[in-house]
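Throughout, read-outs are computed from the coordinates displayed, never taken from laboratory work. Fair warning: this is a prediction, and the values are worked out from it, not measured in the lab. When we count neighbours, we look across all protein chains shown, and the Cβ atoms used for this are built from the backbone with ideal geometry, even at glycine.
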Amino acid sequence: MTVINKIAYKISDYNRTKKYDFFMNRFKPGVSTKILDVGAGETEYQKEANILEKKYPYQESITVLGIENFKEFFKRYPKVKVVKYPGRKFPFADSEFDICWCNAVIEHVGDKTCQKEFLSEIRRVAKSAFVTTPNRLFPFETHTRIFLLHFLPKRFFDFILVKMGKSWATGNHLNLLSLRDIKKMLEECNITEYKIVKRKILCFTINFEIIF
């Protein structure tokens, strides 16, 4: 593992822990709180991956929604209910959950239209939500481990990624959002009562935590 990757994983693990602690302090969920986790991962590449399932004391109260098969995930977290779906509309009733936890997923669901639909579905099925996403204007892009190039228009950034052998991060796999993008999307989804917390490293905002 390169030095950059080691640093990136350490920052990510630290960041996930801070998010979880903030989530617990803000929402104070209990044994009867129904939580929807949208976007948990089958493969755990780092220590604090799937941090909600790792640390939350009431696993049986969590439902995970995702597009993967979750075979290994289920072995690790047998008390968690897992629902696989093909994407787009969530297979749940309106307000079925008390809280939706969605950590760094919205940037992977597609273009702006798909992102708005995703956010609207979270609002529909959950009474409250905690949605996080990386800041597009943070100087280091944590998925590709590249500095500054993601400031370019997406088509140019994707072109360079292909040349660098990182085509997996192109297209709809990665659509980063700025604070302005997020506020506009919330407005277009008719989400008017919300709070955006800026999680910082030094003087830079590394990600946004959206509560509504």
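Looking at region 139-212, which GluC sites (Glu not before Pro) are in a loop (DSSP not H, G, I, E or B) and have at most 15 other Cβ atoms within 10 Å?
The qualifying sites are E193.
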Handout entry: Long pairs among K89/K183; K28/K54; K54/K75; K54/K166; K10/K54, criterion Cα-Cα beyond 19 Å
Key = K89/K183; K54/K166
Fill in the blank from the handout: Against the 2.2 N^0.38 Å rule of thumb, the C-alpha Rg of region 98-183 sits at a ratio of 1.16
Fill in the blank from the handout: Filtered hits (aspartates and glutamates, Cα-Cα < 16 Å from K34, offset >= 8 within chain) -> E53, E60, D94, E96, D98
Problem - Net +/- balance of residues flanking R76 in space, Cβ distance below 15 Å, scoring K and R +1, D and E -1 - result: -1
Handout entry: Those chymotrypsin sites (Phe, Trp or Tyr not before Pro) in region 1-77 that DSSP places in a loop and that have at most 15 other beta carbons within 10 Å
Key = Y45, Y58
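Express the C-alpha Rg of region 46-157 as a ratio against the empirical globular expectation 2.2 N^0.38 Å, rounded to two decimals.
Details: Rg = 15.8 Å, N = 112, 2.2 N^0.38 = 13.2 Å.
Rg over 2.2 N^0.38 Å, computed on Cα atoms: 1.20.
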Exercise for the section: Report P(r) for the chain: all Cα-Cα distances, bin width 5 Å, range 0 to the bin holding the largest distance, values in whole percent. Expected result: 1, 7, 15, 19, 21, 19, 12, 6, 2, 0, 0
